[in-house]
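Heads up, the thing below is written out as structure tokens.
Throughout, read-outs are computed from the coordinates displayed, never taken from laboratory work. Every value quoted in this text rests on a predicted model; they were computed, and no experiment measured them.
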Amino acid sequence: GTSGAECEDFIQSIRETAWKEGKLQDALWMANFAFLHFSGHALKWHSDLSPDVKQDWDKLEKALLERWPPPADESDSEKAQVKKLLLLSPRQIVI
């Protein structure tokens, strides 16, 4: 993607897949899974990252958000996230 909104969607899709696979606490697995989905400019950007960022989802997520910042109007995005959380059953929420 090329926008902050697409970046947020990408991050959320990686998190959702990790949750479904029971890998939400596995930063290396999440970073490697994300790598499989980079292409074009994002793939080039990723190839220039240091190995410690490439292999740690928390660092990679931060780098993604620095490169493709969220939209200026975060209030709508935050409202959507809250709405999404409210639709989850208590068993689905992992803290």
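For the reader, a short list of remarks on this structure follows.
- HN-Hα J in Hz across segment 60-71 - Karplus 6.51, -1.76, 1.60, θ = phi - 60°, x for Gly and Pro: 5, 4, 4, 5, 4, 5, 6, 6, 10, x, x, x
- For segment 10-25, 3J(HN,Hα) per residue [Karplus equation, 6.51 cos²θ - 1.76 cosθ + 1.60, θ = phi - 60°, Hz, x = Gly/Pro]: 4, 4, 5, 5, 5, 4, 5, 5, 4, 4, 4, 8, x, 10, 4, 9
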